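Below is one structure, written out as structure tokens; the observations come after it.
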Amino acid sequence: MSIDNMILIAFNAFLIQNIILTKFLGICSFLGVSKNKSSALGMGLAVTFVITVSAVVSYFIYEFILIPYNIEYMRTIIFILVIACLVQLVEMVVKKYFKSLYSLLGIYLPLVTTNCAVLGVAILVTGKSYTFTQTLLISFFTALGYLASIFVFSSIRVKLEDSPIPEFLKGIPVGLFTAAIMSMIVLGLKTSLMVPI
């Protein structure tokens, strides 16, 4: 695979096919943990680790166990088990070494297990017969796209807290408007670059 192809895959996974802003996967944690930058960064890093590692592990399980034994129909259950194990590992590390981040993330850290973005990437990379290198690039840059989106969104939400917004729009309503505008920007970029959706 050429460097140009690798850059194109990375750019496409990171921005053009952004998991949150174009596919709308992972919205629960995107809205729930983005009230301040530190919790958004912590969640973004946790999801980045889990998406990348679970996609790679799922790729190997799919290619070397599920396909040879003709049990591809088991992939969703197997992938959920892989994701659950990785989230438990992340939760133990964060709880032991980053206590303040653990309290900031609260219930959202265990919810990474049920984050549809994590499972979506694992199913995407196995469903399209990507090579290992493509799987690694797509999963890592998709996860970085998640991290960038949630961090930018949290930065905007922090600024909006001090803005003169009508009371009935504060919180989730203005957050949804902000997310919609971010999504329209990315979709506009996709259209202007004439990238197929």
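The values are calculated or read from the model by the stated rules, or taken from the named source; none is laboratory data. As the structure is a computational prediction, the values presented were derived from the model and not from experiment. Here Cβ is always computed from backbone atoms with ideal geometry, including for glycine, and neighbour counts include all displayed protein chains. These accessible areas exclude ligands, DNA and RNA; they are computed on the full protein's heavy atoms, side chains included. Shrake-Rupley method; radii C 1.70, N 1.55, O 1.52, S 1.80 Å.
Can you tell me which residues in the stretch 103-143 are free of Cβ contacts under 8 Å to residues at least 24 places away in the same chain, in a helix (DSSP H, G or I) and open to solvent by 60 Å² or more (accessible area, probe 1.4 Å)? Listed by number, the residues that qualify are S103, I107, T114. Sub-6 Å Cβ pairs linking a first residue in the stretch 16-41 that is on the phi > 0 side of the Ramachandran plot and in contact (Cβ under 8 Å) with a residue 60 or more places away in the chain to a second residue that is in a loop (DSSP other than H, G, I, E, B) and polar (S, T, N, Q), at least 6 apart or interchain, are G26/N115, ordered by first then second residue. For the condition among the basic types (K, R), at pLDDT 90 or above and farther than 16 Å from N18 by Cα, what is the one hit in K99, K128, K159, K95? Every option except K159 fails the conditions. Picking from residues in the stretch 3-47 that are among the small types (G, A, S) and within 16 Å of L136 (Cβ to Cβ), the one that is nearest to the chain's Cα centre (by Cα) is A13.
Among the numbered conditions (1) more than 27 Å from I181 (Cα to Cα); (2) modelled with pLDDT under 95; (3) among the aliphatic types (A, V, I, L, M); (4) open to solvent by 10 Å² or more (accessible area, probe 1.4 Å), the only one that I71 does not meet is (2).
Only one of these is at pLDDT below 90, part of a loop (DSSP other than H, G, I, E, B), closer than 21 Å to A180 by Cβ and open to solvent by less than 40 Å² (accessible area, probe 1.4 Å): S34, S29. Name it. Among S34, S29, only S34 is at pLDDT below 90, part of a loop (DSSP other than H, G, I, E, B), closer than 21 Å to A180 by Cβ and open to solvent by less than 40 Å² (accessible area, probe 1.4 Å). Within this structure, V93 fails the test of being of a type outside the set (F, W, Y), farther than 30 Å from P173 by Cβ and surrounded by 15 or more Cβ atoms within 10 Å (Cβ to Cβ). Scan the stretch 162-197 for residues that are closer than 14 Å to Q17 by Cβ, part of a helix (DSSP H, G or I) and either open to solvent by 20 Å² or more (accessible area, probe 1.4 Å) or not basic (K, R) (or both) and jot them down. The answer is S183, V186, L187, L189, T191. The requirement of being open to solvent by 10 Å² or more (accessible area, probe 1.4 Å), at pLDDT below 85 and in a loop (DSSP other than H, G, I, E, B) is fulfilled somewhere in the stretch 1-18, by at least one residue. Scanning the stretch 46-58 for residues that are open to solvent by 50 Å² or more (accessible area, probe 1.4 Å) and modelled with pLDDT of 90 or more turns up at least one hit.
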